[in-house]
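Accompanying notes for the structure given below.
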Amino acid sequence: MSNRTNFYINGEWIAPSTSDTINVINPATEQSIGQVAMGGAAEGDKAVAAAKKAEDQIKRAKEALDAAQLRFQDAEQANEEATLNYEKLRHEE
């Protein structure tokens, strides 16, 4: 039987604000296979805050990636233009 008495929120294990637990039932055997902590509003608030923070970090990372991709495309285009200009000059000589 396995018991989980803490919550993993925002990269760390935290103790629940209550000592309440619930049984985890195996649906095939209908027997208890362990207990887990029952969270309250405090754990819910912490989890929501962590999710919002993660969402903001992902949004900023995506914006940075999009900007980098645009700079890369600009560099590729500049390289192509420079190559064409070089080839044109070589053929004029």
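The values are calculated or read from the model by the stated rules, or taken from the named source; none is laboratory data. Everything numeric here is computed off the predicted structure, so don't read it as measured data. Ideal geometry is used to build each Cβ from the backbone, glycine not excepted, and the neighbour counts take in all protein chains shown. What goes into the accessible areas is simple: the full protein's heavy atoms, side chains included, and nothing from ligands, DNA or RNA. Shrake-Rupley method; radii C 1.70, N 1.55, O 1.52, S 1.80 Å.
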With the first residue restricted to the range 16-34 and required to be over 23 Å from Gly44 (Cα atoms) and in contact (Cβ under 8 Å) with a residue 40 or more places away in the chain, and the second required to be among the charged types (D, E, K, R) and open to solvent by 70 Å² or more (accessible area, probe 1.4 Å), Cβ contacts under 8 Å at 6 or more apart or on different chains are none
Hey, does the range 19-26 have a residue that's touching a Phe, Trp or Tyr at 6+ places or on another chain (Cβ under 8 Å) and among the small types (Gly, Ala, Ser)?
no
Residues that are of a type in the set (Asp, Glu), within 24 Å of Glu55 (Cβ to Cβ) and out of contact with any strand residue (DSSP E or B) (no Cβ under 8 Å at 6 or more places or on another chain), drawn from the range 1-45:
Glu12, Asp45
